[in-house]
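Chemist: Could you have a look at this structure, given as structure tokens, before my questions?
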Amino acid sequence: MRLPRLSWLALLLVGCGSATSEPQTIITVEVRSDLLIPGDINQLVFRVFGDPKNSRTYELGPGVGRINKLPASFAVVRDSDEVEKVEVEVRGNQIVSPSSTVEIVSRNVRVAFWPGANRPITIDLALPCAKAACAAGKTCVPGWGCVDPDIDADGVPTARRNGPPCDCNSYFPICVGARWEYRVCPPPRNDCQTKTWHISDWAKIGDSDDDRKWGVAGLDAFVQVRILRTDRSRRWLTSDAEGRRLQWQKDLYYGWPNWEVKTTFFYRPNKLRIDARHVMIGEPWQEMYEEIAVKDATEPLVKHTDEWEVVPVPMDYPPEFLLPLGQPLCHRRRDDNGFATNVATFCFVRGIGKVFEDTANVGFERLLPDYSIPGCPVRSVPK
């Protein structure tokens, strides 16, 4: 069967004029990204499904014949009235060597043509979707997770956002699309940097041999992508039925720039993030877990005993936070792994999440104003 034909305009679209008086039916695709170019991605692949000839590959970064930066625009022209919809795929890759190319991020959009008109759409190759590994037929959409690729007339995914909504009364309101930005200052606190957390999806943890071996396969979990300079990680958090306890189950730490997995951590039964059932100052409790680091065919196991306590607001808590954000809930953790002891204090605010952390020998971090919790009011965070 002959496929309906789709043709192309120029690579970088500078105009949509036609040589004929008949209006063309066009989809103009603007590709954007918050990934580093050429650090995270240095190749762009643009593909139209249904016609194997409609695939183009371009190198990203400085140099002749390359796309120096994004956004960049592409267009697909409909040459047949038989075509009502088209599916477009954009991939951001990292060329590691002449013989090795790694896919870092991709996004598919299935969109209807507007007869006789130019329909603009935007495709974001977003950091939260890096190495997302969606199931067949799904695509990673920032703020939605892995969903069907269809979009509506406004360019919004027709699928519902994955996972439960954020609980705005929680000390850690977590849902897909939530984002926090922190100022991280390691000792001696003169080399501060920005760390960003994205909740990118709500999905079952994978079904690899290691996932099954360490008891996390099939668990429903929030997927967190953490970005700190060239440190990239993907982490899985589960919660109790009431949403008051959050705990880590699995972490992937990536190399940079090609995002290869360096180390995978499993936590058995889990590693606590917050247990908001403990609110009375002076209240202690204990957590015990095993940490398994899978790297280079080795699986060293470390046993942790964590002594937790609800504590008053620490002296170095930002005083400018108290009035606009309200009283925080602060927990102190004394972690003993049999080799060393580490003490950390975490402070949480209802409707926002973690706003402050102070870890011995690691440094402190504080929330920055650029945070977003879907469905929850945004409060003014002092800089």
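Chemist: Whether any residue in region 43-60 is over 20 Å from A132 (Cβ atoms), out of contact with any strand residue (DSSP E or B) (no Cβ under 8 Å at 6 or more places or on another chain) and at pLDDT below 80 is what I want to check.
Modeler: Yes - at least one qualifying residue is present in region 43-60.
Chemist: Another question, then. Looking only at region 334-354, which residues are without any contact (Cβ under 8 Å) to a residue 40 or more places away in the chain and in contact with a Phe, Trp or Tyr (Cβ under 6 Å, 6 or more places away or on another chain)?
Modeler: Within region 334-354, C347 is the sole residue that qualifies.
Chemist: Return the only residue of W214, W197, W180, W202 being hydrophobic (A, V, I, L, M, F, W, C) and touching a Cys at 6+ places or on another chain (Cβ under 9 Å).
Modeler: Step by step, each of W214, W197, W180, W202 is checked, and only W202 is hydrophobic (A, V, I, L, M, F, W, C) and touching a Cys at 6+ places or on another chain (Cβ under 9 Å).
Chemist: On to the next question. Search region 288-316 for residues being out of contact with any Pro (no Cβ under 7 Å at 6 or more places or on another chain) and crowded, with 16+ Cβ neighbours inside 10 Å, and hand back the single one that is modelled with the lowest pLDDT.
Modeler: Looking at the filtered set, the residue picked out is V294.
Chemist: Ok, one more. Which strands (runs of 3 or more DSSP E) sit wholly inside region 183-283 and have at least 2 residues that are in contact (Cβ under 8 Å) with a residue 40 or more places away in the chain and out of contact with any Lys or Arg (no Cβ under 8 Å at 6 or more places or on another chain)?
Modeler: Those strands (runs of 3 or more DSSP E) span 193-204, 261-275.
Chemist: Residue under question is P319, and the condition is that it be within 23 Å of V343 (Cα to Cα) and over 29 Å from the mean Cα position of the chain (by Cα); does it hold?
Modeler: Considered against the rule, which asks whether it is within 23 Å of V343 (Cα to Cα) and over 29 Å from the mean Cα position of the chain (by Cα), P319 comes out as yes.
Chemist: Going by what's in this entry, would R379 be described as closer than 22 Å to I174 by Cα and surrounded by fewer than 18 Cβ atoms within 10 Å (Cβ to Cβ)?
Modeler: Judged against the criteria, R379 is a match.
Chemist: Taking region 334-383, which residues are aromatic (F, W, Y) and under 17 Å from M315 (Cα atoms)?
Modeler: Residues satisfying the conditions are F346, F348, F356, F364.
Chemist: Across region 359-383, what is the total count of residues that are closer than 28 Å to E291 by Cα and either under 21 Å from the mean Cα position of the chain (by Cα) or at pLDDT 95 or above (or both)?
Modeler: Looking only at that region, the number is 3.
Chemist: Looking only at residues that are over 29 Å from T298 (Cα atoms) and of a type in the set (D, E, K, R) in region 202-246, which one is surrounded by the fewest Cβ atoms within 10 Å (Cβ to Cβ)?
Modeler: Step by step, filter region 202-246, then rank; the result is E242.
Chemist: Taking only region 343-357 into account, find how many residues are closer than 27 Å to E290 by Cβ and either among the hydrophobic types (A, V, I, L, M, F, W, C) or at pLDDT below 95 (or both).
Modeler: Within region 343-357, residues that are closer than 27 Å to E290 by Cβ and either among the hydrophobic types (A, V, I, L, M, F, W, C) or at pLDDT below 95 (or both) number 4.
Chemist: Pull up region 267-307, narrow it to residues that are more than 26 Å from the chain's Cα centre (by Cα) and polar (S, T, N, Q), then point me to the one that is farthest from Y254 (Cα to Cα).
Modeler: Residue satisfying both the conditions and the ranking: Q286.
Chemist: Related question: May I ask you to list the residues in region 65-88 that are touching a Lys or Arg at 6+ places or on another chain (Cβ under 7 Å) and surrounded by fewer than 18 Cβ atoms within 10 Å (Cβ to Cβ)?
Modeler: P71, D79, S80, K85, E87
Chemist: If you scan region 340-369, which residues turn out to be surrounded by fewer than 20 Cβ atoms within 10 Å (Cβ to Cβ), on the phi > 0 side of the Ramachandran plot and either part of a strand (DSSP E or B) or among the acidic types (D, E) (or both)?
Modeler: The one that is surrounded by fewer than 20 Cβ atoms within 10 Å (Cβ to Cβ), on the phi > 0 side of the Ramachandran plot and either part of a strand (DSSP E or B) or among the acidic types (D, E) (or both): G363.
The values are calculated or read from the model by the stated rules, or taken from the named source; none is laboratory data. Note that this is a predicted model, so its numbers are computed, not measured. Counting neighbours? That spans all protein chains shown, and the Cβs are built from the backbone with ideal geometry, glycine included.
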